[in-house]
Amino acid sequence: MQSALAMRFLGVGNAHAPELGSSACVLEGAGSPLLLVDCGPDTIGRFVDAYGERCPASVFLTHTHFDHIGGLEGLFYRLMVENDAGLRPRLFVPVGLLPALQRRVADYPNLLAEGGANFWDAFQLIPVSERFWLQDLLFDVFPVRHHEFGTAFGIALKGRFLYTGDTRPIPELLNHYASRGEPIFHDCGLRASPSHTALEDLYREYTAEQRRRLVLYHYSGDADRERFEQEGLIAARPGQVFPLAVDFEWRPGSPNKSGKVARLG
């Protein structure tokens, strides 16, 4: 299982790019979904299209902006109304996000018109702090720099990948959690903002070696992606799959499972 890990992007867009899909990805093991990272308004539909399964078995949330959690309410209804199999996905949530998640989603009064159901009845909530286990894999969780202090988190699997979620540059965290040559899936757009990384930030904050390992997402459109590629950087596309094998070496023009090309370096 561990030697056949891959990351599939369901969507790669920011909140203003619905045509690219809400930024979310799935860690796969031998082609099967292990962990969905984030759940935007269109994420579950894209998940079903990709895997033919009614819902993910496990979900990790990076933060509580609605382009990253807006699909949870629909998932709740799917689980409570159309769930003959009794599925109850594990929802891994950094402890610091729980109050905001409760207020933004779970506190809605009488989620079911018939009554008798709480939001959390549909899920197995697993609060996480610095790390968590899933199928013999130990994931690291760390705070990033997005919007307000303590409101957004990244996730990493040592030697396999680091996924920033929405963030400003975090060189000290990449040095700590992504020091083994693993791909770095990183928020990036063309324009700088107080909450997101811009192209110019990559050159100021990261080394050339780190930039060769970046796979960029959460951008605003095709023009952004084309500019990244002109700079020799990789920008993920919806549906694109990136193998995470221990001995995997990124080379120009190497194909991935989706039939598209992943390049690094």
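What full-extension length gain, to one decimal in nm, is calculated for Glu148 and Ala208 as 0.36 nm per residue of separation minus the Cα-Cα distance?
18.7 nm
Taking the number of other C-beta atoms within 10 Å as the exposure measure, put His176, His147, His196 in order starting with the fewest.
Values: His176 13, His147 18, His196 21.
Neighbour counts put them in this order, fewest first: His176, His147, His196.
What size of dipole, in debye to the nearest 20, comes out for the chain about its Cα centre when the only charges are +1 on Lys and Arg C-beta atoms and -1 on Asp and Glu C-beta atoms? Could you put the intermediate results ahead of the total?
Values: 26 positive and 32 negative charges, 105 e Å.
In debye, rounded to 20, the chain gives about 500.
Semi-axes, largest first, in whole Å: what does sqrt of 5 times each Cα gyration tensor eigenvalue give for the range 129-169? Before the final figure, lay out each step's value.
Working: eigenvalues 87, 24, 7 Å².
Value: 21, 11, 6 Å, ordered largest first.
Compute a Gaussian network model of the chain, connecting alpha carbons closer than 10 Å, and tell me which residue from Ile170, Ile155, Ile234 fluctuates the most.
Checking each option, the largest mean-square fluctuation is seen for Ile170.
Given the options Glu200, Glu53, Glu114, state which has the largest fluctuation in a GNM of the chain using a 10 Å cut-off (strictly under) for Cα springs.
Checking each option, the largest mean-square fluctuation is seen for Glu114.
Using only alpha carbon pairs under 8 Å that are at least six residues apart, calculate the relative contact order of the chain and give it in whole percent. Provide the component values of the computation, followed by the final result.
Values: 576 pairs, mean separation 45.0, N = 265.
Relative contact order, the chain: 17 percent.
Out of His65, Ser179, Ser195, whose Cα points farthest toward the positive end of the dipole of the range 2-262 (charges: +1 Lys, Arg; -1 Asp, Glu; placed on Cβ)?
Looking along the dipole axis, the top candidate is Ser179.
Calculate the FRET efficiency for Tyr108 and Arg54 from the Cβ-Cβ distance with a Förster distance of 22 Å, rounded to the nearest 0.05. Write down the numbers at each step before the final one.
On the way: r = 23 Å, r/R0 = 1.02.
Taking R0 as 22 Å, the efficiency between Tyr108 and Arg54 is 0.45.
Using a Gaussian network for the chain with springs between C-alpha atoms less than 10 Å apart, which of these wobbles most: Leu61, Leu91, Leu138?
Largest GNM mean-square fluctuation: Leu138.
Determine ³J(HN,Hα), in whole Hz, for all residues of the range 30-44 in sequence, where each value follows from phi through the Karplus function 6.51 cos²θ - 1.76 cosθ + 1.60 and θ = phi - 60°; x replaces Gly and Pro.
Rounded to whole hertz, the list is 6, x, 9, x, 9, 8, 8, 9, 6, 8, x, x, 10, 5, 5.
Let me know the shape class of the range 129-219, please: from the alpha-carbon gyration tensor, a ≥ b ≥ c as square roots of the eigenvalues, rounded when a/c is under 1.5, otherwise prolate if a/b is greater than b/c, or oblate.
On the way: a/c = 2.09, a/b = 1.34, b/c = 1.56.
Since a/c reaches 1.5 but b/c is at least a/b, the shape of the range 129-219 is classed as oblate.
Can you bin the range 71-225 into rounded, prolate or oblate? Criterion: square roots of the alpha carbon gyration tensor eigenvalues sorted a ≥ b ≥ c, rounded for a/c under 1.5, prolate for a/b above b/c, oblate for the rest.
Values: a/c = 2.35, a/b = 1.83, b/c = 1.28.
Prolate.
Taking other Cβ within 10 Å of each residue's Cβ, how do Thr207, Thr164 sort, fewest first?
Working: Thr207 11, Thr164 31.
Neighbour counts put them in this order, fewest first: Thr207, Thr164.
Relative contact order for the range 126-244: what percent, with Cα pairs under 8 Å and sequence separation of 6 or more?
Details: 214 pairs, mean separation 20.7, N = 119.
Relative contact order of the range 126-244: 17 percent.
Modelled label-to-label distance, Met80 and Ser179, 7 Å Cα→beta-carbon offset: nm?
4.6
Please arrange Asp49, Asp140 by how many other C-beta atoms lie within 10 Å of their C-beta, fewest to most.
Values: Asp49 10, Asp140 17.
Ordered from fewest to most neighbouring Cβ atoms within 10 Å, Asp49, Asp140 come out as Asp49, Asp140.
Where the centre of each part is set by its Cα atoms, how far does the range 59-133 sit from the range 222-244, in angstrom?
Answer, in whole Å: 31.
In deg cm²/dmol, rounded to 500, what helix-only [θ] at 222 nm does the chain give when every DSSP H run of at least 4 residues adds -39500 (n - 2.57) and the total is split over its residues?
Working: 8 runs with 55 residues, N = 265.
After summing the helix terms and dividing by the residues of the chain, the value is -5000 deg cm²/dmol.
Computed from the coordinates by the stated procedures, all read-outs in this text should not be read as laboratory data. The shown structure was predicted, so the numbers you read here are calculated from the model rather than taken from an experiment. Cβ sites come from the backbone with ideal geometry, for glycine too, and all protein chains shown count toward neighbours.
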